[in-house]
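Following: one structure in structure tokens, then a few remarks.
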Amino acid sequence: MPSGTNHYVKLGVPRDATPEEIRSAYFEAARRMHPDANPDPDAQELFIQIQDAYEVLSNPEKRAQYETILPPPDITPPQISQTIQFSRSCLPRLMEAQLIYVLVELTSIPDPTVNIAPPLNLCLVLDCSTSMQGPRMDMVKSNAIQLLRQMKPQDTISIVTFSDRAEVLIPATRVSDLSRMEGRINQLQTGGGTEIYHGLETGLAQIHRNLSGSFINHMIMLTDGRTYGDEEACLQLAEQAASLGVGISGLGIGHEWNDVFLDKLASSGGGSSMYISAPKELHKFLEQKYNNLGRVYAEQVTLDFQSDENVELRCVFRLQPEAAPLPVTSPIRVGNIQQFNSLSLLMEFKVQNITDRMKEIHLAEGRIKMEIPIRTIPTARIHLSLSRPVVWNAEPEPPPRTIIQALSRLTLYRLQEKAREEVAEGNIAKATRHLHYLATHLLSQGERELAHTVLVEADHIQQNHQFSKEGDKRIKYGTRALMLPPGLESKRP
Amino acid sequence: MILCPNCQHHEISGSLFCSDCGAQLVFTERLSTQAIYRTQSDILSRDQKKASNANLPNPPSSAIDAIVSLHVIDNGEILPLAGRTEFTLGRVAEGQPILPDVDLSLYEAYSQGVSRLHAVLKIQAKGVVIMDLGSSNGTRVNGQKIMPNVDYPINHGDVFALGKLKIQMLIRRSS
């Protein structure tokens, strides 16, 4: 057996993999390598090896025996430091519901096993419907070309365009013949409706051609319209993409697109949506996206945990990078950790009645899984434990400043969500009241421009009983951008 | 349960911010209005008329269309007031739901003992009045402490103090 090759490597699982992980890794590999599906002559040999590996590892006795002949595991833990802050040090024994906030910060520290950034496997999915005609399309073209010029030799790129149907403009390739590619982009025509599903499906197929754990696999979807009827299908596809390790970012131009849908689409894989109010802002966002992806240390970071019965996770918000709400499920895909950077999450837990027998409340116990693309065995994990002791009488204590700060911003974001819901329900009086509160807080925090936007919008709602055409998005993405920690404000739209 | 002091909304125990009005429900550091040394003039003035300054020549009799400004005595800055008939005076602090119309935090309001919502100036047909809003360190007009929540007339040239921050009232009839 050559050094470094063993049953674990063959299946691509870590040494401490659970039986479940081994099983799913086997099924995945077997499907890919099955002689019926894979005509490659080497595949048959690999297929047999995978089966051998699975036979040993799936059997606890055989696995234990196999462990004894293997050299001691050479597991380099992921170079991530974990900082956890709670809004209170202990939970009072209350016979009513109570809230506790947790700020989890995962920071990448220099990793001796990783010294270069992983290559990208990127697909641009571009909306070419009729509404994109004119300055928008021109801007998209010039930015796509700029992106191509930035790509490193080891990166692969594909470009897919869609309207009523999807077309592959540039099949997945390394950037070699730049002038020919530019020519193809410049020939882009607009016309037709917006059917996002076709675009996503074709884009995913292009990514799939070079799909690899050692790449950052990502799709950037740019649209200016609403997709009709295929939203469910899109979300399912996004889920499938996420399980393959393909991230999705959504960029919305103008006011027609559906931000709620795009948020859902992107967040299922830990990505986010962004709002581009003017075509000239596109450059900034694409550049930011490209830079962020190029600096990834760990991707597909996933929180997999269990909570006590009386604990409910009410809300998770990613503050950094790319502030965005995340779905409240377990496991939660929370996005990427960039080199020498942090991923911070603010979590809100609701704890129901604490009975006399409970000494400690487990808010979340489990693991943080992640893929470090540049390593031979990319899968890595660290322990996650969020627990608080229970006491009879809790002394009032000031919560950590960082939590207060993060939450004060999150409260503003929620006020605007509330107002949006109320407008949708037709409760105009309440919505304007909440917008006025929001404006007051924004003013006190020195956000004069955004406060002004909110006040104008409140007036508009009072008169027209609905948001103005871009008002809701401007406020939503404006308040969201506030959550970025100080120093990153320049990224604000 | 927690009751939001600002809007009376019910919040779950452990909440840090009101979900209805966004007011902060806990304080990170106890930054209350600073207490300052009390002086003789803290005895409340019962006689309102004594408060006015009779020495200044010809204060305008009608203030309806008067131009009102504040003269911050410490640094000589003049703050013109325009656009409405009532102005709350105070200082802006973090997490404060209701903001004063005139923010005095630039003039070391905190160390001078100005409350966040200290007093209100009302420009009425008969003239300008000042009312203390129950501030921690009180308001004085020409050195006499005034009762909280009661209107006191104030004339051109009068000096009032919010805590220790002295401000002169300037009222000029617009031509």
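The values are calculated or read from the model by the stated rules, or taken from the named source; none is laboratory data. Being a predicted model, the structure only gives us computed values, none of them experimental. Here the Cβ is made from the backbone with ideal geometry for all residues, glycine too, and neighbour counts use every protein chain on show. When the accessible area is computed, the model is the full protein with side chains, heavy atoms only, and any ligands, DNA or RNA have been set aside. Shrake-Rupley method; radii C 1.70, N 1.55, O 1.52, S 1.80 Å.
The table for this structure:
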{"item": "Filter pass, residue A:413 being of a type in the set (Phe, Trp, Tyr), surrounded by 20 or more Cβ atoms within 10 Å (Cβ to Cβ), part of a helix (DSSP H, G or I) and free of Cβ contacts under 8 Å to residues at least 40 places away in the same chain", "result": "no"}
{"item": "Criterion: over 20 Å from residue A:274 (Cβ atoms) and in contact with a Lys or Arg (Cβ under 6 Å, 6 or more places away or on another chain) - qualifying residue of A:208, A:198", "result": "A:198"}
{"item": "Residue satisfying all of: in region A:369-396; in contact with a Gly (Cβ under 9 Å, 6 or more places away or on another chain), assigned to a loop (DSSP other than H, G, I, E, B) and open to solvent by 40 Å² or more (accessible area, probe 1.4 Å); farthest from residue A:86 (Cα to Cα) among these", "result": "A:376"}
{"item": "Check on residue A:406, outside any strand (DSSP E or B), within 22 Å of residue A:311 (Cβ to Cβ), out of contact with any Gly (no Cβ under 9 Å at 6 or more places or on another chain) and within 13 Å of another protein chain (Cβ to nearest Cβ)", "result": "yes"}
{"item": "All positions within region B:107-133 that are among the aliphatic types (A, V, I, L, M), away from chain A (no Cβ under 14 Å) and open to solvent by 20 Å² or more (accessible area, probe 1.4 Å)", "result": "B:123, B:125, B:131, B:133"}
{"item": "Test set (1) in contact with a Pro (Cβ under 9 Å, 6 or more places away or on another chain); (2) in a loop (DSSP other than H, G, I, E, B) - residue A:226 fails condition number", "result": "(1)"}
{"item": "Residue match in region A:429-443 (condition: more than 28 Å from the chain's Cα centre (by Cα) and assigned to a loop (DSSP other than H, G, I, E, B))", "result": "no"}
{"item": "Test: residue in region A:352-359 that is part of a strand (DSSP E or B) and open to solvent by 10 Å² or more (accessible area, probe 1.4 Å)", "result": "no"}
{"item": "Which numbered condition residue B:86 fails, given (1) open to solvent by 50 Å² or more (accessible area, probe 1.4 Å); (2) within 14 Å of chain A (Cβ to nearest Cβ)", "result": "(2)"}
{"item": "Residue ID - least open to solvent (accessible area, probe 1.4 Å), chosen from residues in region A:291-323 that are at pLDDT 85 or above and not in a strand (DSSP E or B)", "result": "A:310"}
{"item": "Residues within region A:216-261 that are in contact with a helix residue (DSSP H, G or I) (Cβ under 9 Å, 6 or more places away or on another chain) and open to solvent by less than 40 Å² (accessible area, probe 1.4 Å), tallied", "result": "31"}
{"item": "Qualifying residue in region A:367-382 (condition: among the polar types (S, T, N, Q) and either within 30 Å of residue A:482 (Cβ to Cβ) or within 14 Å of another protein chain (Cβ to nearest Cβ) (or both))", "result": "no"}
{"item": "Those residues of region A:1-28 which are open to solvent by 50 Å² or more (accessible area, probe 1.4 Å) and either hydrophobic (A, V, I, L, M, F, W, C) or farther than 25 Å from residue A:371 by Cα (or both), in sequence order", "result": "A:1, A:9, A:27"}
{"item": "Where residue B:95 falls short, out of the listed (1) surrounded by 16 or more Cβ atoms within 10 Å (Cβ to Cβ); (2) under 12 Å from the mean Cα position of the chain (by Cα); (3) within 14 Å of chain A (Cβ to nearest Cβ)", "result": "(2)"}
{"item": "Any hit, region A:463-472, residues being within 23 Å of the chain's Cα centre (by Cα), part of a helix (DSSP H, G or I) and more than 14 Å from chain B (Cβ to nearest Cβ)", "result": "yes"}
{"item": "Selected residue (only one of A:116, A:145 is farther than 30 Å from residue A:383 by Cα and either modelled with pLDDT of 85 or more or not small (Gly, Ala, Ser) (or both))", "result": "A:145"}
{"item": "Some residue of region A:162-169 being surrounded by fewer than 21 Cβ atoms within 10 Å (Cβ to Cβ), at pLDDT below 85 and over 21 Å from residue A:258 (Cα atoms)", "result": "no"}
{"item": "Residue tally, condition open to solvent by 10 Å² or more (accessible area, probe 1.4 Å) and part of a helix (DSSP H, G or I), over region A:262-276", "result": "3"}
{"item": "Some residue of region A:29-50 being closer than 30 Å to residue A:200 by Cα, open to solvent by 20 Å² or more (accessible area, probe 1.4 Å) and either of a type in the set (Asp, Glu) or under 24 Å from the mean Cα position of the chain (by Cα) (or both)", "result": "yes"}
{"item": "Failed item, numbered, when residue A:430 is tested on (1) on the phi > 0 side of the Ramachandran plot; (2) touching an Asp or Glu at 6+ places or on another chain (Cβ under 6 Å)", "result": "(1)"}
{"item": "Which numbered condition residue A:116 misses (of (1) open to solvent by 70 Å² or more (accessible area, probe 1.4 Å); (2) more than 14 Å from every other protein chain (Cβ to nearest Cβ); (3) more than 27 Å from the chain's Cα centre (by Cα))", "result": "(3)"}
{"item": "For residue A:280: the one exception among (1) open to solvent by 10 Å² or more (accessible area, probe 1.4 Å); (2) farther than 18 Å from residue A:477 by Cα; (3) assigned to a helix (DSSP H, G or I)", "result": "(2)"}
{"item": "Number of the condition not met by residue A:96 [criteria: (1) away from chain B (no Cβ under 14 Å); (2) touching a strand residue (DSSP E or B) at 6+ places or on another chain (Cβ under 9 Å)]", "result": "(1)"}
{"item": "Flag if residue A:56 is of a type in the set (Val, Ile, Thr) and over 32 Å from the mean Cα position of the chain (by Cα)", "result": "yes"}
{"item": "Qualifying position, being assigned to a loop (DSSP other than H, G, I, E, B), aliphatic (A, V, I, L, M) and open to solvent by less than 50 Å² (accessible area, probe 1.4 Å), among A:204, A:188", "result": "A:188"}
{"item": "Count of region A:324-345 residues which are on the phi > 0 side of the Ramachandran plot and surrounded by 18 or more Cβ atoms within 10 Å (Cβ to Cβ)", "result": "1"}
{"item": "All positions within region A:69-91 that are assigned to a strand (DSSP E or B) and at pLDDT below 85", "result": "A:80, A:81"}
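Residue-wise test of (1) closer than 30 Å to residue B:4 by Cβ; (2) part of a strand (DSSP E or B).
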| position | (1), (2) |
| --- | --- |
| B:67 | no, yes |
| B:79 | no, yes |
| B:88 | yes, yes |
| B:116 | yes, no |
| B:131 | yes, yes |
| B:153 | no, yes |
